[in-house]
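Student: Got a structure for you, questions after.
The values are calculated or read from the model by the stated rules, or taken from the named source; none is laboratory data. Keep in mind that what you see is a predicted model, and the values were worked out from it rather than measured. When we count neighbours, we look across all protein chains shown, and the Cβ atoms used for this are built from the backbone with ideal geometry, even at glycine. Heads up: the accessible areas ignore ligands, DNA and RNA and are worked out on the full protein's heavy atoms, side chains in. Shrake-Rupley method; radii C 1.70, N 1.55, O 1.52, S 1.80 Å.
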Amino acid sequence: MIDSFDKVLSLFCAMLRPTHLGYSLSRQRCSHRLLKNTSNKIYDTVTYYRYYSLNQVNNQVKYLEQLCENLNHHKEITNCRSNQTIMNLVRVYISNELNRMSGIDIGTIFKSIQWNSNLEDSDLVLPLPKLGRHIGKPSMLAQEWAKSFPTGDYIQRIEHNGPFLKFFLSPHFLFNSVIPEIGLKAESYGFRKLQSDKKVLIEFSSPNIAKPFHAGHLRSTIIGGFLSNLYQAMGWEVTRMNYLGDWGKQFGLLAVGYYKYGKEDLLASDPIHHLFDVYVRINKDKEQEIKDGISVTDSIDCKAKLFFKKIESGDEEALKLWKTFRSLSIDKYICTYARLNIHFDVYSGESQVPRDTIRKAMELIKDNNLLEQSDGATLIDLTKFNKKLGKTVIKKSDGTTLYLTRDVGAAIDRYEKYHFDKMIYVIATQQDLYVSQLFETIKQLGFNWANNLEHVNFGMVKGMSTRKGTVVFLDNILEEAKDKALTVMKGDQVKYSRIEDPEKVADLIGVSAVMIQDMKSKRINNYEFDWNRMLSFEGDTGPYLQYTHSRLQSIASNHAHLNIDFPNFDLLVENEAILLIRLLAQYPDVLVNAMRTQEPCTVVTYLFKVAHQVSSCYATLWVTGQPQETAVARLMLYNAAMHVIGNGMRLLGLTPVHRM
């Protein structure tokens, strides 16, 4: 049975060898499926090491896995077993030894051990105050533990600094465990099932129909896309929802403008730009009317209100025009989203909230005695629950309901349909107060799931306007970025001639330029819209990440002839290689940290660190012209780096290129 299995495993490992494009995605998926069918574990280090005859490391990892089995009665260790990574296994070892030395609960120690983003400081760090006050003087205890802790095969050295215990992991252990782990997990390296059978609904992007999808919408879209990918990678069932601005008086105004300026051929060929042009022109006419003193009853504004009432009352012709605007706009959005690797499970919108649900929301607000009257308007006074939230109007004096009632109804409708464990709204900081008012209102209606609502906010892209016609369209930005990428690529005609589809590659590089420039800073930061910023190919940019990935693919392709069956990682002794493997080992923890911060820049910053370290390796860690064993060890380290950079880029929503 073992021999038969080893033959299958041998075939599987042969599939991991670089093809002419390195580890192709299809082979990665195939190997991952085979691995999952082979074992219930996320990865099977033992069989991998048996194949490569790495008996020493085999025994080390087997010991750690057995340790997890023995400590399974601890909740934190149980979670570790279902999310096995090399760093987690080392955490288990540290926790067990410190428990043996001190008697402190293993679970408490395990959850207190943190990853360190500054590798000069350590790989893992234990802040002793987190263990509780009963431990005595943390600084003295840290000093004592640093002297007496058994490093074993996993820890190179231990240092203490005040109340902090710092662990530097053994490079030998990392090379022989992390590289195989990355090779076996491939595209799933870093993925962890932090939650089981949990559902999250993420509302993001949410442009207004018939208005442009501009760079301001880009932020919500790519942050929401990243969060969707991240939650899915962490084991959540994700529903991606686009809640369109597809209702309101502006559609009456747009209809009046369309009857005056609209052209069917332009609407069919380029709906977003044409409807935007109509919208701007009719707004200018409306402003001119005010200057000319046109009577209210003859005004464009009055005609717009009347038309929207027709839509609300179900007038067949009015509804047909509105549906045309909506469906054509969605079709155009889908094309733009595809360029950004974004898809949605649901295209909802203000119009899709059932009227019965809105009435139910209004009745619940009334039944909970939340309503007050002021100058004919109906409002909710939230100051009695939180003074910062103030009062919010939900119905104007003319009987028109405002957004809050509809959004409360939408939230109720979503919970009834999707039974989410968490719902995230990716909305700009300008709406911080409104979102807080919405959440508090739902909470006061007695819904327990109100505590599972979360607002992920972000700063604004300044310098745009939709009413004055000065907006910059996202499609224009992406086309400009693509053209610039193409120009740069043509600068090296030899490399350019080898690219199979230069237009497509240029588009992928251009999209990377735009997205990384937006995601490299904390999402809360505002920034001024600037072509030079968006299209920069200098420094830490999307094109630089693409170049790094492409060069690693080239190394894999150029050395596909090497036999990687028996790597000797003991030959990786250079400081550059050691720092790189320590970085690669951190990737699963980076993703867990990104779940905590909900910041794309957490991953972006890490990827730039890896890319810079890969770049520092080129001068020292040659593959070409080296002895076979040395070349193979270095090649596998570079391939591991390629996997990690590619995985991180895909998580951000980018498509890594193979050649540029």
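Student: Restricting the first residue to segment 376-388 and requiring it to be over 18 Å from T401 (Cα atoms) and open to solvent by 20 Å² or more (accessible area, probe 1.4 Å), which pairs with a second residue that is of a type outside the set (A, V, I, L, M, F, W, C) and not in a helix (DSSP H, G or I) meet a Cβ separation below 8 Å and a spacing of at least six or different chains?
Tutor: That search, which allows pairs on different chains as well, returns T383/G390; T383/K391.
Student: For segment 391-428, give me each residue that is within 25 Å of Q195 (Cα to Cα) and part of a loop (DSSP other than H, G, I, E, B). Steps first, please.
Tutor: We begin by selecting, within segment 391-428, every residue within 25 Å of Q195 (Cα to Cα); these are 411-427.
Once the filter is applied, which keeps residues that are within 25 Å of Q195 (Cα to Cα) and part of a loop (DSSP other than H, G, I, E, B), segment 391-428 yields H419, F420, D421, I427.
Student: If A560 satisfies every condition in (1) within 21 Å of L474 (Cβ to Cβ); (2) open to solvent by 30 Å² or more (accessible area, probe 1.4 Å); (3) in contact with a strand residue (DSSP E or B) (Cβ under 8 Å, 6 or more places away or on another chain) but one, which is the exception?
Tutor: The one condition A560 does not meet is (1).
Student: List pairs: first in segment 538-556 and farther than 15 Å from V514 by Cβ and among the hydroxyl-bearing types (S, T, Y), second open to solvent by 10 Å² or more (accessible area, probe 1.4 Å) and modelled with pLDDT under 95, Cβ under 6 Å, 6+ apart or cross-chain?
Tutor: S550/R659; S550/M660
Student: Could I ask something else about it? Inside segment 329-345, can you point out the residues that are over 27 Å from R355 (Cα atoms), open to solvent by 80 Å² or more (accessible area, probe 1.4 Å) and in contact with a Lys or Arg (Cβ under 9 Å, 6 or more places away or on another chain)?
Tutor: H343 - this is the single residue of segment 329-345 that is over 27 Å from R355 (Cα atoms), open to solvent by 80 Å² or more (accessible area, probe 1.4 Å) and in contact with a Lys or Arg (Cβ under 9 Å, 6 or more places away or on another chain).
Student: Can you pull out the residues in segment 147-177 that are surrounded by fewer than 18 Cβ atoms within 10 Å (Cβ to Cβ), of a type in the set (G, A, S) and closer than 28 Å to F569 by Cβ?
Tutor: Within segment 147-177, G152 is the sole residue that qualifies.
Student: Could you check A450 against (1) part of a helix (DSSP H, G or I); (2) at pLDDT below 90; (3) over 18 Å from P656 (Cα atoms) and say which number it fails?
Tutor: Of everything listed in (1) part of a helix (DSSP H, G or I); (2) at pLDDT below 90; (3) over 18 Å from P656 (Cα atoms), A450 misses just condition (2).
Student: Here are some conditions: (1) over 32 Å from the mean Cα position of the chain (by Cα); (2) surrounded by fewer than 21 Cβ atoms within 10 Å (Cβ to Cβ). A142 meets all but one. Which one does it not meet?
Tutor: That leaves (2) as the condition not met.
Student: Are any of the residues in segment 349-360 in contact with a Leu (Cβ under 8 Å, 6 or more places away or on another chain), assigned to a helix (DSSP H, G or I) and charged (D, E, K, R)?
Tutor: yes
Student: Restricting to segment 483-502, and then to whatever is aliphatic (A, V, I, L, M) and assigned to a helix (DSSP H, G or I), can you tell me which residue is surrounded by the fewest Cβ atoms within 10 Å (Cβ to Cβ)?
Tutor: The qualifying residue surrounded by the fewest Cβ atoms within 10 Å (Cβ to Cβ) is V494.
Student: Let me ask you something else. Just the residues that are closer than 24 Å to T401 by Cβ and either surrounded by 14 or more Cβ atoms within 10 Å (Cβ to Cβ) or among the polar types (S, T, N, Q) (or both), please, taken from segment 287-304. Write out each step before concluding.
Tutor: Here is the first cut: in segment 287-304, the ones closer than 24 Å to T401 by Cβ are 296, 299-304.
S299, I300, D301, C302, K303, A304, listed by residue number.
Student: Now a separate question. Sort out for me the helices (runs of 4 or more DSSP H) sitting completely within segment 176-284 that have 3 or more residues that are of a type in the set (S, T, Y). Before the answer, list the steps.
Tutor: Working: elements: 215-233, 249-261, 264-269.
Those helices (runs of 4 or more DSSP H) span 215-233, 249-261.
Student: Out of N208, N229, which single residue is touching a residue at least 40 places away in the same chain (Cβ under 8 Å), over 29 Å from P354 (Cα atoms) and surrounded by fewer than 21 Cβ atoms within 10 Å (Cβ to Cβ)? Before the answer, list the steps.
Tutor: Details: N208 fails: over 29 Å from P354 (Cα atoms).
Just a single option satisfies the conditions, and that option is N229.
Student: Here's another thing I want to ask about it. Sort out which residues of segment 105-150 are closer than 30 Å to F608 by Cβ, of a type outside the set (A, V, I, L, M) and assigned to a loop (DSSP other than H, G, I, E, B), and write them in order of number.
Tutor: Those that are closer than 30 Å to F608 by Cβ, of a type outside the set (A, V, I, L, M) and assigned to a loop (DSSP other than H, G, I, E, B): N116, S117, N118, E120, D121, S122, D123.
Student: Select from segment 308-328 the residues that are in contact with a Lys or Arg (Cβ under 9 Å, 6 or more places away or on another chain) and either within 29 Å of V200 (Cβ to Cβ) or in contact (Cβ under 8 Å) with a residue 40 or more places away in the chain (or both) and write down the one among them that is most open to solvent (accessible area, probe 1.4 Å). Let's see the steps before the verdict.
Tutor: Taking segment 308-328 as the starting set, the residues that turn out to be in contact with a Lys or Arg (Cβ under 9 Å, 6 or more places away or on another chain) are 308, 315, 317-319.
Next, only the ones that are either within 29 Å of V200 (Cβ to Cβ) or in contact (Cβ under 8 Å) with a residue 40 or more places away in the chain (or both) stay: 308, 318.
On the way: F308: 24, A318: 1 Å².
Per the criteria, the residue is F308.
Student: Ok, one more. Before we move on, is V592 within 27 Å of N88 (Cα to Cα), out of contact with any Phe, Trp or Tyr (no Cβ under 9 Å at 6 or more places or on another chain), touching a residue at least 12 places away in the same chain (Cβ under 8 Å) and hydrophobic (A, V, I, L, M, F, W, C)?
Tutor: On the way: within 27 Å of N88 (Cα to Cα): yes; out of contact with any Phe, Trp or Tyr (no Cβ under 9 Å at 6 or more places or on another chain): no; touching a residue at least 12 places away in the same chain (Cβ under 8 Å): yes; hydrophobic (A, V, I, L, M, F, W, C): yes.
The answer is no for V592.
Student: Which residues, taken from segment 423-455, are open to solvent by less than 40 Å² (accessible area, probe 1.4 Å) and of a type outside the set (A, V, I, L, M)?
Tutor: Hits for segment 423-455 are Y425, T429, Q437, F439, E440, T441, W449.
Student: Yes or no: V505 part of a helix (DSSP H, G or I), at pLDDT 90 or above and either closer than 25 Å to R650 by Cα or open to solvent by less than 40 Å² (accessible area, probe 1.4 Å) (or both)? Steps first, please.
Tutor: On the way: part of a helix (DSSP H, G or I): yes; at pLDDT 90 or above: yes; either closer than 25 Å to R650 by Cα or open to solvent by less than 40 Å² (accessible area, probe 1.4 Å) (or both): yes.
Taking the combined requirement at face value, the residue satisfies it.
Student: Right, here's the next one. Could you check how many residues of segment 564-590 are closer than 19 Å to Q613 by Cα and either among the hydrophobic types (A, V, I, L, M, F, W, C) or open to solvent by 50 Å² or more (accessible area, probe 1.4 Å) (or both)?
Tutor: So the count comes out to 15.
Student: Which of the residues that make up segment 605-657 are open to solvent by less than 20 Å² (accessible area, probe 1.4 Å), outside any helix (DSSP H, G or I) and over 27 Å from L218 (Cα atoms)?
Tutor: Selection gives L621, V623.
Student: What's the number of the only condition in (1) polar (S, T, N, Q); (2) modelled with pLDDT of 90 or more; (3) open to solvent by 10 Å² or more (accessible area, probe 1.4 Å) that Q195 fails to meet?
Tutor: (2)
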